Protein chains: 4
Amino acid sequence: MARNSIGKNLVVTSFGESHGPSVGVVIDGFPSNFTINHKALQSFVNRRRPGQSNITTDRNELDQVQWLSGIYEDKTLGSPIALVIANNDARSKDYDALKDTYRPGHADWLYDHKYQHRDHRGGGRSSARITAGWVAAGALAIQYLEQQCISIRSWVNQVWHIHAPNCEATPTSESIESNDVRCWHVETAEQMVEAIRQAKMDGDSLGGVIRCVIEGLPAGIGEPVFGKLHAILGHYLLNINAVKGISFGDGFASTKMKGSEHNDAWAMNNGRIHGKTNHSGGIVGGISTGDPVIFDLAFKPTSTISLTQETVNKAGETVELNAQGRHDPCVLPRAVPIVDAMSALALMDLFLEYKKD
Amino acid sequence: MARNSIGKNLVVTSFGESHGPSVGVVIDGFPSNFTINHKALQSFVNRRRPGQSNITTDRNELDQVQWLSGIYEDKTLGSPIALVIANNDARSKDYDALKDTYRPGHADWLYDHKYQHRDHRGGGRSSARITAGWVAAGALAIQYLEQQCISIRSWVNQVWHIHAPNCEATPTSESIESNDVRCWHVETAEQMVEAIRQAKMDGDSLGGVIRCVIEGLPAGIGEPVFGKLHAILGHYLLNINAVKGISFGDGFASTKMKGSEHNDAWAMNNGRIHGKTNHSGGIVGGISTGDPVIFDLAFKPTSTISLTQETVNKAGETVELNAQGRHDPCVLPRAVPIVDAMSALALMDLFLEYKKD
Amino acid sequence: MARNSIGKNLVVTSFGESHGPSVGVVIDGFPSNFTINHKALQSFVNRRRPGQSNITTDRNELDQVQWLSGIYEDKTLGSPIALVIANNDARSKDYDALKDTYRPGHADWLYDHKYQHRDHRGGGRSSARITAGWVAAGALAIQYLEQQCISIRSWVNQVWHIHAPNCEATPTSESIESNDVRCWHVETAEQMVEAIRQAKMDGDSLGGVIRCVIEGLPAGIGEPVFGKLHAILGHYLLNINAVKGISFGDGFASTKMKGSEHNDAWAMNNGRIHGKTNHSGGIVGGISTGDPVIFDLAFKPTSTISLTQETVNKAGETVELNAQGRHDPCVLPRAVPIVDAMSALALMDLFLEYKKD
Amino acid sequence: MARNSIGKNLVVTSFGESHGPSVGVVIDGFPSNFTINHKALQSFVNRRRPGQSNITTDRNELDQVQWLSGIYEDKTLGSPIALVIANNDARSKDYDALKDTYRPGHADWLYDHKYQHRDHRGGGRSSARITAGWVAAGALAIQYLEQQCISIRSWVNQVWHIHAPNCEATPTSESIESNDVRCWHVETAEQMVEAIRQAKMDGDSLGGVIRCVIEGLPAGIGEPVFGKLHAILGHYLLNINAVKGISFGDGFASTKMKGSEHNDAWAMNNGRIHGKTNHSGGIVGGISTGDPVIFDLAFKPTSTISLTQETVNKAGETVELNAQGRHDPCVLPRAVPIVDAMSALALMDLFLEYKKD
């Protein structure tokens, strides 16, 4: 039951429900004497904020991070950092009709079954709102990793059938943030926005793929056997709401390659070993090679749609559902900072271990 | 560094190197008073055994499970179960040439970099030989889960460009075991075997996809937030050698669907809630729905090939590598029981927690 | 570094500093659908409250528990329960003089040494104020254990040289709460109060012993080897500020007994096995026997005293310290609920595991 | 249930039963490239060996350490180190009479109750024989700590009513090993040996106290809140068979002191801060001060005695027990290396964390 903490060296404990007083995290293991850039951190958190554009949900939250502990004079103490983000714009009444009706694609009935008592308002604990705390924690980890010259960059690489072209260089933050959908490629982004708008108008929803590239990671991160870098990343990232798959490097495409095509030949470059190609996505044997780590995350289309759906209620009766409540027609634009954040938490957890060796 | 244990309620600790005295596991948390079917267990372990057919490696090991503790009169004691599998047919001399040459696709140089001391023989700790212990542990978990009417069935669904057709019902064990490649569909299996033989003759290797279906799992397994069923499965399965991706239900294909297409409508069936379809792969909100859990695992082509490859050595010189050592031209046939085993360990870990509630 | 969580099944994460905004805990793993008695819980927390009598510190805090998550309509959700207790009466200026002076018996310089950045105000993270959160968490565990008919009763058994007589029956809550020092025996309590008052007047401090008796614990709690009941209790309780020792049953006195004197003969009683005596303190082989669990905790005298003391400052100079800041001349009266609470958290952690078997 | 591993950075997993094939441990997290002194290690393990003198049990085991993994060319690989120690001189028949008779002071009936299946031979999992593995693991940790100039020295300080005098300097290894009872003070040792011989002749047993001094530990080891150095030591050491209490520094005696007597004044010495006295036993606020860490462990008298005892059997009948089986009339002499070993494992676990900061 106690599965709300993640990490070994940097332990992040998540708490909160969508319409409770607040959501938050406790971050244990963060090194002491680190100066927090509060402004940059809040800006990062704002990237996940609801109501940021007209292709996201209308719920309007300031998502102001409130620090409870672990910081003194803007520097970390080495003690646990607790932070909360208030739930201000919760419209619980919107969910009254859902108290006994089980939404398709959601775990409503499973919570009733598993816990015998459920906060149905806004999805309660299963709401993606709780990722606000993760993003704040991840933003702190990102500041730490940046000091180690490690950068993480995610973007929306596919929405529905619309793909971004392959990029030769890692996209800049500016190009990713230049549009509402967070795809670095302007023309693709426009098509994606249009598709999301259309889905919203139709009362439907879309899924897609977020790609992430991590640069500057030193060789040697990740542990053989049960701490493989991609397994740890997988564990963190598969916990993000709506994620249905993850692949590294050439991923599922590599299954159609021959070894002679897929193997990255080792070669010296600037005094250290690199792959001449990077089919492996910067991870070999579960250990970072020093080359960019690349992975793709599959997001299913948002489960909440406005179209009428057939389902059952608590009494076991077949009913028609016309969903209320505000929601995103496509979760990917707001999921980009969540992917950045969870990647950062996974990497920092392993990095703190690596430093020790 | 200490990342050789996995699980919370059923903790499996792995040890051993490819050419050391033995590989093994300690299984802690297995319930007491459970009668082990030794014969069935050994048969299961034999499915992973090297040298079982002419499309696998020639290394010849009996892989006899030797029990060190935790069992008395064929029943578990509730204390840790330690078991070892001897390494008998290790030809360490084959690896003399590789002591200072770093094989493409392998973590040789990363071990040297990370540990400053390496057992290069047979890949040492990075060898898939260590999964022999995992398979023995998983075989025990499978016996336990079977008593709970939970079954796990994996098969090779794709090798290189060759796909099995979609199956209407879950394939039988007999159909899977009826051929060397472990694909239930006879004609596809024949094509796969032929492709693997050709790759072997060419000195090359092939990858592919293993599909797994879990049936009989009750609704309610998996924990919200950081213990989502698919995240835990992902963590276990991504640790299997050569795995580069995992997806659940419709997986990456779901990213191209609309919510109205992907959502599985809830409906009553035999007094309980089921999905009318199963796009989600039996997991919603990280919790099992009681419908079959389905996932795909992407395996890269075997890194060890006989074709000449360019690489570097310990001195940083560019060298040509003509690999010695016995290896599988395609790891998937022998990986099927590993997938079964690791899935069972993940499920049993969560199941023991579920029983408590 | 990440050592601010305790427990496996009931994971309690502590956060907060003495003069930060608040102290708190997150409780993960608490069963769902449990109705909280808020009034009883707050009353329990008030037992630890500063300023409750004239033999405790003058710091005046309401210690009102504020719930952030995990509860809906007064019942637990099965999700993490976060709670905070505000720091209202912090007089940080009192500590200005201590910023660079290292108090004897305190870890001031060790924090500077270990973390390079310290919140010196009120002891920061090392303050016993953070136990307010532990007590709230423990109060919840006590309510749960009471439903299982498990009771925990601690009292001050010794202050300085003043001992309570041996009690024939476990003291009642009423007798313990009937006086400021929380010793069930009235005459002894009066002597203890007098001694504490004298120490306060002298600017000095006193230590003592708290005894705890746990009744109703079923046989079978605790795990052989590294989860022995007394080892787990020891781990929890030795973390309480000022504790320097713990002993079970006859404890250090048992070292002077012969086996024939110490062994508790097994005998049937009401259909189950009991010890005819209880020298072992209700624990044999690390497992509860069903007889009362009894232990003693040694508390050193409060480190903060008003008498002039010699010490060093941050610059390494020898200085005289005349301590400011409000403090308890004897921590034991307020430590009684902390002992109850931490015992409850340890027991509930093991009990949840026991129920699973 | 899964409580057979201990540690976070150096994870030791224990397995084995007294009369099974072997006892052993897996050590995960041990740094790589460390050269093992096998001879010194075996010598250390021999200190715990049964049959070493005529005041110990007659069971005769070679206790030869057999390494299964983690070592190559006498140096650690950074992978898990598995080792086993065979059970050769198990006389299981001696225990036939005990299959259904529950020995006083032992957990026999609790195992039957808890596990429904028990290996009664030699105490099975509850036997102190399993500490052979702990001692081997600890011996390795001691070699590591010695390279860091950290030394651990335990000795028998009290047997029954016989105390060693206070020692001015830490006793030498030679003085401790100079006699069968492992007390540094020759005259006291002679009295202890005589008392143990008498108890053996009487068919009775004796308890006592082991004192341990750790020197060379740098300041800063241990984590505030739930990772206090003495709480971690307590957790490890209370798990040793027959231990009923632990106290640090002046321990229970400190409860009768005033703060002005107990506080250790800080003073500069050779450029760093030290306590002018060491009442605290080298730990303040849960963190090592750099002064010697000192603690006492209370051992109850051996539960197995030859005198006739009253007890019950599996059928619930009152029976007389005349114990068979070989045992120690006083466990303390052989427990000295166990205390050394478990202390070393606790310290190394925290030390690896400390190095990271």
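Would you point out the residue of the stretch D:154-192, among those that are under 17 Å from the mean Cα position of the chain (by Cα) and small (Gly, Ala, Ser), that is nearest to D:PRO329 (Cα to Cα)? Checked the stretch D:154-192; the qualifying residue nearest to D:PRO329 (Cα to Cα) is D:SER154.
Taking C:GLY51 as the residue in question, decide whether it is touching a Ser or Thr at 6+ places or on another chain (Cβ under 8 Å) and closer than 21 Å to A:TRP67 by Cα. So C:GLY51 does not fit the description; no. Please go through the stretch D:309-334 and pick out each residue that is over 30 Å from D:ASN60 (Cα atoms) and in contact (Cβ under 8 Å) with a residue 12 or more places away in the chain. D:VAL312, D:LYS314, D:ALA315, D:VAL319 - these are the residues of the stretch D:309-334 that are over 30 Å from D:ASN60 (Cα atoms) and in contact (Cβ under 8 Å) with a residue 12 or more places away in the chain.
Any residue that is closer than 21 Å to B:LYS228 by Cβ, at pLDDT 95 or above and facing another protein chain (nearest Cβ under 10 Å) - is there at least one of those in the stretch A:73-96?
Restricting attention to the stretch A:73-96, the residues satisfying the condition of being closer than 21 Å to B:LYS228 by Cβ are none.
So far as the stretch A:73-96 goes, no, none of its residues is closer than 21 Å to B:LYS228 by Cβ, at pLDDT 95 or above and facing another protein chain (nearest Cβ under 10 Å).
From the set of residues in the stretch A:205-242 that are more than 8 Å from chain B (Cβ to nearest Cβ) and of a type in the set (D, E, K, R), which is nearest to A:ASP349 (Cα to Cα)? So the residue we want is A:GLU215. Taking the stretch D:154-201 as the range and being closer than 19 Å to D:ALA242 by Cβ and charged (D, E, K, R) as the test, the residues that pass are D:ASP180, D:ARG182, D:LYS200. For the stretch D:290-320, what are the residues that are facing another protein chain (nearest Cβ under 7 Å) and buried (at least 19 other Cβ atoms within 10 Å of the Cβ)? Scanning the stretch D:290-320 gives D:ALA298, D:PHE299, D:LYS300, D:PRO301, D:THR302, D:SER303, D:ILE305, D:GLN309, D:THR311, D:VAL312.
Conditions tested, residue by residue: (1) among the acidic types (Asp, Glu); (2) surrounded by fewer than 20 Cβ atoms within 10 Å (Cβ to Cβ).
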residue	(1), (2)
C:GLY222	no, no
C:VAL225	no, no
C:LYS244	no, no
C:GLU261	yes, yes
C:TRP266	no, no
C:ARG272	no, yes
C:ASN278	no, yes
C:GLY281	no, no
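Please verify whether D:HIS117 is assigned to a loop (DSSP other than H, G, I, E, B), within 14 Å of chain C (Cβ to nearest Cβ) and touching a residue at least 40 places away in the same chain (Cβ under 8 Å), treating the condition exactly as stated.
When the stated conditions are applied, D:HIS117 does not pass them.
Kindly provide the set of residues from the stretch B:225-242 that are within 18 Å of the chain's Cα centre (by Cα) and in contact (Cβ under 8 Å) with a residue 60 or more places away in the chain, ordered by number.
Hits for the stretch B:225-242 are B:LEU229, B:HIS230, B:ILE232, B:LEU233, B:HIS235, B:TYR236, B:LEU237, B:ASN239, B:ILE240, B:ASN241, B:ALA242.
Contact map, the stretch D:335-357: first residue farther than 19 Å from D:ARG48 by Cβ and within 11 Å of chain A (Cβ to nearest Cβ), second residue assigned to a loop (DSSP other than H, G, I, E, B) and modelled with pLDDT under 95, Cβ cut-off under 7 Å, separation 6 or more or different chains; pairs are D:GLU353/C:MET1; D:ASP357/C:MET1. Pairs meeting the criteria (first residue in the stretch B:205-224 and within 30 Å of B:THR308 (Cα to Cα), second residue modelled with pLDDT under 95 and acidic (Asp, Glu), beta carbons under 8 Å, at least 6 apart or on different chains) are B:SER205/B:ASP328.
The set of residues in the stretch D:243-285 being in contact (Cβ under 8 Å) with a residue 40 or more places away in the chain and either at the interface with chain C (Cβ under 7 Å from one of its Cβ atoms) or closer than 24 Å to C:SER306 by Cβ (or both) consists of D:LYS244, D:GLY245, D:ILE246, D:SER247, D:PHE248, D:GLY249, D:GLY251, D:ILE273, D:GLY285.
Taking the conditions (1) assigned to a strand (DSSP E or B); (2) within 10 Å of another protein chain (Cβ to nearest Cβ) in turn, C:GLY123 satisfies each one other than (1).
Report yes if some residue within the stretch B:141-149 is of a type in the set (D, E, K, R) and either in a loop (DSSP other than H, G, I, E, B) or farther than 20 Å from B:VAL339 by Cα (or both); otherwise report no. Talk me through it step by step, then tell me what you get.
So the first thing to find is which residues in the stretch B:141-149 are of a type in the set (D, E, K, R), and the list is B:146.
Adding the requirement that they be either in a loop (DSSP other than H, G, I, E, B) or farther than 20 Å from B:VAL339 by Cα (or both) leaves none.
Scanning the stretch B:141-149 turns up no residue that is of a type in the set (D, E, K, R) and either in a loop (DSSP other than H, G, I, E, B) or farther than 20 Å from B:VAL339 by Cα (or both).
In the condition set (1) facing chain B (nearest Cβ under 9 Å); (2) crowded, with 20+ Cβ neighbours inside 10 Å, A:VAL331 is compliant with all but (1). Close Cβ contacts (under 6 Å, 6 or more residues apart or on different chains) running from residues in the stretch B:288-300 that are under 11 Å from B:ASP250 (Cα atoms) to residues that are modelled with pLDDT of 95 or more and basic (Lys, Arg) comprise B:ASP296/B:ARG211.
All conditions in (1) under 30 Å from D:LYS99 (Cα atoms); (2) within 14 Å of chain A (Cβ to nearest Cβ); (3) hydrophobic (A, V, I, L, M, F, W, C) hold for B:ILE130, with the sole exception of (1). For beta carbons closer than 7 Å, sequence separation of 6+ or different chains, a first residue in the stretch D:144-171 that is under 23 Å from D:LEU217 (Cβ atoms) and touching a residue at least 12 places away in the same chain (Cβ under 8 Å) and a second that is of a type in the set (Ser, Thr, Tyr) and assigned to a loop (DSSP other than H, G, I, E, B), the qualifying pairs are D:ARG153/D:THR170.
Once the stretch A:103-114 is narrowed to residues that are surrounded by fewer than 23 Cβ atoms within 10 Å (Cβ to Cβ) and in contact (Cβ under 8 Å) with a residue 60 or more places away in the chain, the residue that is nearest to the other protein chains (Cβ to nearest Cβ) is A:HIS106. Per the listing A:ASP100, A:ASP63, A:ASP74, the residue uniquely under 24 Å from the mean Cα position of the chain (by Cα) and among the acidic types (Asp, Glu) is A:ASP63.
Annotation: B:ARG326 fulfils all but one of (1) in a loop (DSSP other than H, G, I, E, B); (2) closer than 26 Å to A:GLY249 by Cβ; (3) touching a Lys or Arg at 6+ places or on another chain (Cβ under 8 Å); the unmet one is (2). The condition of being surrounded by fewer than 23 Cβ atoms within 10 Å (Cβ to Cβ) and among the aliphatic types (A, V, I, L, M) holds for only one of D:ILE152, D:ILE176, D:ILE196, that being D:ILE176.
The values are calculated or read from the model by the stated rules, or taken from the named source; none is laboratory data. Because the structure is predicted, anything quoted here is derived from the model rather than measured. Glycine gets a Cβ as well: all are built from the backbone with ideal geometry, and neighbour counts include every protein chain shown.
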